[in-house]
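*Asks:* Dropping the structure in here first, questions after.
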Amino acid sequence: MQAELHSLAWPGSDDRLANEQAAVFAHFELPLKQHHLKADHSRWMDAILKQSEADVVLFVDSDCVPLSKTAVLEAIRWARRNKSFLGLAQASNHINRGVHIFASPAFLAIDRFAWLGLGQPSCQPTRRGDVAEELSWRAEEEGLIYKAWYPTHYHHPSHEGLWQLGNYGTYGIGSVFADRVFHLYQGRLSNNVDLFCQVCQQIRAGSFRTEGYISCIN
């Protein structure tokens, strides 16, 4: 099985995000390809999916890292074995009031067979969903079972407050998903980047814990 790992980092963003992310993937000996260019996120994803010949493509946001090597391998293998896709549970609060939970592109493993079978849905936002949400909508309409890892803890609320995740609960800055993945959110803010650096260093040292974090469950 062939898999590709891709991340997009905009020029001008805090260099610490890309550097710390690269260090985590290198620590786990995972071949992440970081694309340093200013591009629309959804169009960039579309281009990767169209050009790639890999069995599975894993997209990772620049402010997102796995907590272990096993997490990445598990996501890739699940997507391939089930000819489907696996991502982090998220809901577009600004589009559908946080009701529709989908597999977000923050950490998203897509099996090529599934993408082709669903008609090669674009990752561009639509009236009913954010970036890559159409993939989940299409799967639900076609009856394809996909998987989402749900958040268990977050570090602190965003400036807008907490984000609703359907009837599951809420999540915020520095969310931990299924004890497998850490996603910062709002990496444009320096204090959030400080948190990301701290977490990445803890991951590499094997000392990351969620003590002091807030439960996502209502």
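The values are calculated or read from the model by the stated rules, or taken from the named source; none is laboratory data. Treat the numbers as computed from the prediction; the structure is a model and nothing was measured. As a convention, Cβ positions derive from the backbone with ideal geometry for all residues, glycine included, and neighbour counts pool all protein chains shown. For the accessible areas, the whole protein counts, side chains as well, though only heavy atoms, and no ligand, DNA or RNA atoms are used. Shrake-Rupley method; radii C 1.70, N 1.55, O 1.52, S 1.80 Å.
*Asks:* Of the numbered conditions (1) hydrophobic (A, V, I, L, M, F, W, C); (2) closer than 19 Å to Glu134 by Cα; (3) out of contact with any Gly (no Cβ under 6 Å at 6 or more places or on another chain), Val65 fails exactly one; give the number of that condition.
*Replies:* (2) is the only condition that Val65 fails.
*Asks:* Moving on to the next point. Just to be sure I understand, how many residues within segment 13-34 are more than 20 Å from Gly206 (Cβ to Cβ) and assigned to a helix (DSSP H, G or I)?
*Replies:* 4
*Asks:* Six or more apart or on different chains, Cβ under 7 Å: which pairs go from a residue in segment 137-159 that's in contact (Cβ under 8 Å) with a residue 12 or more places away in the chain and within 26 Å of Tyr185 (Cα to Cα) to one that's among the charged types (D, E, K, R) and part of a loop (DSSP other than H, G, I, E, B)? Could you list them?
*Replies:* Trp137/Arg128; Trp149/Arg180; Thr152/Asp179
*Asks:* With the requirement that a residue be farther than 20 Å from Asn96 by Cβ and crowded, with 22+ Cβ neighbours inside 10 Å, what does segment 150-165 give you?
*Replies:* So in segment 150-165, the residues farther than 20 Å from Asn96 by Cβ come out as 152-157, 159.
Answer for segment 150-165, where residues must be farther than 20 Å from Asn96 by Cβ and crowded, with 22+ Cβ neighbours inside 10 Å: just Tyr154.
*Asks:* Here are some conditions: (1) in a loop (DSSP other than H, G, I, E, B); (2) touching a strand residue (DSSP E or B) at 6+ places or on another chain (Cβ under 9 Å); (3) not β-branched (Val, Ile, Thr). Arg188 meets all but one. Which one does it not meet?
*Replies:* (2)
*Asks:* Please specify each residue of segment 28-53 satisfying the condition of being among the basic types (Lys, Arg) and either open to solvent by less than 70 Å² (accessible area, probe 1.4 Å) or touching a strand residue (DSSP E or B) at 6+ places or on another chain (Cβ under 6 Å) (or both).
*Replies:* Looking only at segment 28-53, we keep the residues that are among the basic types (Lys, Arg), and these are 33, 38, 43, 50.
Correct list: Lys33 only.
*Asks:* Of all residues in segment 194-218, which are of a type outside the set (Phe, Trp, Tyr), within 20 Å of Leu88 (Cα to Cα) and touching a helix residue (DSSP H, G or I) at 6+ places or on another chain (Cβ under 7 Å)?
*Replies:* Correct list: Cys200, Ile203.
*Asks:* Restricting to segment 191-218, name every residue that is in a loop (DSSP other than H, G, I, E, B) and open to solvent by 10 Å² or more (accessible area, probe 1.4 Å).
*Replies:* Across segment 191-218, the qualifying residues are Gly206, Ser207, Phe208, Arg209, Thr210, Glu211, Gly212, Tyr213, Asn218.
*Asks:* Got at least one residue in segment 5-20 being open to solvent by less than 40 Å² (accessible area, probe 1.4 Å), without any contact (Cβ under 8 Å) to a residue 60 or more places away in the chain, within 24 Å of Leu135 (Cβ to Cβ) and out of contact with any Phe, Trp or Tyr (no Cβ under 9 Å at 6 or more places or on another chain)?
*Replies:* yes
*Asks:* If you don't mind, another one. Would you be able to say whether some residue in segment 166-187 is within 19 Å of Asn93 (Cβ to Cβ), hydroxyl-bearing (Ser, Thr, Tyr), crowded, with 16+ Cβ neighbours inside 10 Å and more than 17 Å from the chain's Cα centre (by Cα)?
*Replies:* Yes, that holds for at least one residue.
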